[in-house]
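The values are calculated or read from the model by the stated rules, or taken from the named source; none is laboratory data. Here the structure is a predicted model, which means the values were calculated and not measured. Reconstructed Cβ throughout: ideal geometry from the backbone, glycine too, with neighbour counts over all protein chains shown. The area values use the complete protein model at the heavy-atom level, side chains included, leaving out ligands, DNA and RNA. Shrake-Rupley method; radii C 1.70, N 1.55, O 1.52, S 1.80 Å.
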Amino acid sequence: SVSGRRAPPEGPASAPATGAAATAHAPAAMPNYTGNFHYDEKAGYLVTAFRLRHTVILAVLRRKAFWIMLAFHMLVHIAHVHGAWEQCLVRGSDWFVGWHEINVISAITTFFEVFYTNECWKRYNTLYYMTRMMLAITYDFIVDFRLLIGRISRPHLRLSSRYMMSSVMLFFYEMDDVVQPYEWDQLLRLGLLKEEEISILRELTPAEKTMYLVHWAADVASLGHALAVEKIKAPPNLRKDLLDRLRELRHQHSQVRDILGLPVPFQYFHLLNFMIVMNLLLWAYWMGCALSPLYTVVYAAASMVFMGMMELASAFADPFGTDEVDFPVGAWLTEWLKQCMTLMEYEYPGEADEWKAILEKEARLSKELINVDIFMDCGFADSPRRPGSLDSPRFATDWTSEDVRLAHRLFGVGAAPRASGTSSSSDGETQTSGVVSASAKELASA
């Protein structure tokens, strides 16, 4: 596309693996919801600091401005070392610049850049939340509408959900204000839109396309709800809940478009770039007047930090593209389509007989669930052992008489025994001292 967000697929897409080949040796990994690159937070300071792949360092090194300013710094340094620019250190000369004066510019530039980066980061987080919420609303709508109409008229569910899913797909396709021909073909091939529907939508503006589809979905959902009211006496107020889901989806579409259409004003962006350039030029000149070549390393590192923050902030400002930090929309939509189809079409055990057979066989849960340690030795932080658990010494040797009687009433292990070998504690409570009755020991082992 014109903006470079997407490119048409090269050749036919490969068919997904099925059967045993798809699941053999497949590692269980968490879905990537945050970006295109996972990293290890515990890799170490040096390993993380000096890596280049998936960093803004490479983006800075591709900038001509970085090399021009570094060349200016080297030119000043070489001239000063060879005695051709000694007046740069003479206080009061026309070429002298003090570090205090430079520090004022640096402080102002740092504040402006941190503020800009923070605003772009908040914008990035807001767009992430709204985009993920857009997909989650679709799940909720399909689940709610299937519970209402699934046993009465599955076509109502499929048609309304298809229009809702098409609106989401077209929203992402139109991030660059144009739907490519291969994208229309993809919607047609997936069965999300028909030829006659595409012919209507082609003539509309980007906002109108999604609004039309949301309205079509709402109309079908209203008819499905009316049928459910007639057939199974469904509550009339459920119609409002279904339509609220669709209104929220349209609201998310509008909000994302509005945020993308309101970037940080160019005047602020221009002023910030001007301050960064002036600050780096002053650093290049002042550090170039030093005799030590280590100042060149310091200048290069400081330039990379300042310019790298701008590169990162600019990537945050528009996360729908091909930058390293941009949202993996393709992976999101692939997972989203799979989940929507599963929620719409899967068959569950109690669907045929309204759970009657399963309900008849349902038994009480096991008492062992009372004392189960969850996620122990499974990669999560281990919880401390609960006081008084069944494998704790206190359970068998430090019970009060009231504890024993209460446990017998709860678990039904005969009559409450009289604890033997009791002694009085400092606070007046009567406790067992090491030995409990045979019934209590039996209860503890149980």
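Residues of the stretch 116-144 that are under 30 Å from Tyr346 (Cβ atoms), free of Cβ contacts under 8 Å to residues at least 60 places away in the same chain and either in contact with a helix residue (DSSP H, G or I) (Cβ under 9 Å, 6 or more places away or on another chain) or open to solvent by less than 60 Å² (accessible area, probe 1.4 Å) (or both): Ala136 alone.
Okay, residues lined up against (1) of a type in the set (A, V, I, L, M); (2) at pLDDT below 70; (3) assigned to a helix (DSSP H, G or I):
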| site | (1), (2), (3) |
| --- | --- |
| Cys340 | no, no, yes |
| Glu360 | no, no, yes |
| Asp391 | no, yes, no |
| Asp403 | no, yes, yes |
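Residues of the stretch 316-338 that are among the acidic types (Asp, Glu) and assigned to a helix (DSSP H, G or I): Glu335 alone. Restricting the stretch 316-341 to residues that are acidic (Asp, Glu) and touching a residue at least 12 places away in the same chain (Cβ under 8 Å) leaves a set whose member that is least open to solvent (accessible area, probe 1.4 Å) is Asp326.
Only a single item in (1) part of a loop (DSSP other than H, G, I, E, B); (2) surrounded by 11 or more Cβ atoms within 10 Å (Cβ to Cβ); (3) among the acidic types (Asp, Glu) is not met by Asp219, and it is number (1). Only one entry in Ala290, Ala313 is part of a loop (DSSP other than H, G, I, E, B) and either of a type outside the set (Phe, Trp, Tyr) or in contact (Cβ under 8 Å) with a residue 24 or more places away in the chain (or both), namely Ala290.
Scanning the stretch 312-359 for residues that are within 21 Å of Val60 (Cα to Cα) and among the hydroxyl-bearing types (Ser, Thr, Tyr) turns up Ser314, Thr322. Might you let me know whether the stretch 104-121 holds any residue that is outside any helix (DSSP H, G or I) and more than 28 Å from the chain's Cα centre (by Cα)? No, the conditions are met nowhere in the stretch 104-121.
Please work out if Leu147 is of a type outside the set (Asp, Glu) and open to solvent by 50 Å² or more (accessible area, probe 1.4 Å). Judged against the criteria, Leu147 is a match.
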